[in-house]
1. When you count, for each residue, the other Cβ atoms within 10 Å and take the mean per peptide, how do 22-30, 142-150, 45-53, 154-162 rank with the highest first?
2. Each label point is 7 Å from the Cα along the Cα-to-Cβ direction; what then is the distance between the points at F156 and I76, in nm?
3. Using a 7 Å offset from the Cα along the Cα-to-Cβ direction at both E101 and Q40, what is the distance between the two label points in nm, to one decimal?
4. Tell me, what ³J(HN,Hα) does each residue in the stretch 36-41 have, in order and in whole Hz, if you take phi through Karplus 6.51 cos²θ - 1.76 cosθ + 1.60 with θ = phi - 60° and put x for Gly and Pro?
5. Name the long-range amide H neighbours of D121: under 5 Å, sequence gap of 5 or more, or other chain; modelled H, no Pro or chain starts.
6. Please arrange Y63, Y133 by accessible surface area, largest first, computed with a 1.4 Å probe and ligands excluded.
7. Given a 1.4 Å probe and heavy atoms of the protein chains only, how would you sort L59, L79, L107, largest accessible area at the top?
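The values are calculated or read from the model by the stated rules, or taken from the named source; none is laboratory data. Since we're looking at a predicted model, the values are computed, not measured. No Cβ is skipped: glycine too gets one built from the backbone with ideal geometry, and neighbour counts run over all protein chains shown. These area figures cover heavy atoms from the full protein model, side chains too; ligands, DNA and RNA do not enter into them. Shrake-Rupley method; radii C 1.70, N 1.55, O 1.52, S 1.80 Å.
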Amino acid sequence: AQISSRTSKNTNCPICSRKYETSFPEQTILFYLEQIIDVQSRKLLFGFESDIFIPELHLAIEYNGVFFHNKPETIIRDLKKKAKFSENKIDLIVVEETKEELNQIELKNNVINYKPTRSYDNLKEVIENLIKYISTKTGKSYIIDIDVRRDHNIIFARLRIAQYRITQFVLGDHLVYN
């Protein structure tokens, strides 16, 4: 379709709108988990993308930011993904961003509710919960130094690289001017 037909109707290009589909919290979780176990980022499984996938455990981890995952179409897609993963024996843990105040961050029913702070310091609790779950599944004990403030610049640089790669993959030769 021509660009004018998409912009005048506010429908946006479905390919272009996929760019930047990662976040600092997602990349932070990835950064620390890959220090203890083999992880794959943006893994396509049964027609759905997993933010983080741990093949050894058949475990998918999704980070659902409040901004992108509260739209009806996204909620429906996430429910279909959950069902498809369950049908194919893939465990799914969802880190669910919330605007509500929380007393504690814990894994309950394969969901970790998380209210981000400006510095993302409380991501440490999310990651600790994930590591505890992974330890239970592998029977191994993991010691990892989680310091989001210290590692912020490294993670942020990786975020930019990931966003660039996603954009290049999604757009590729897509934009053709008539």
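1. Order by mean packing, descending: 22-30, 45-53, 154-162, 142-150.
2. Computed distance between label sites F156 and I76 equals 3.9 nm.
3. Each label point is offset 7 Å from its Cα along the Cβ direction, giving 4.3 nm.
4. Whole-Hz 3J(HN,Hα) from phi for the stretch 36-41: 10, 7, 5, 10, 10, 9.
5. For D121, whose amide H was placed from the backbone, there are no distant partners under 5 Å.
6. Ranking Y63, Y133 by accessible area, largest first, yields Y133, Y63.
7. Details: L59 0, L79 110, L107 45 Å².
Solvent-accessible surface, decreasing: L79, L107, L59.
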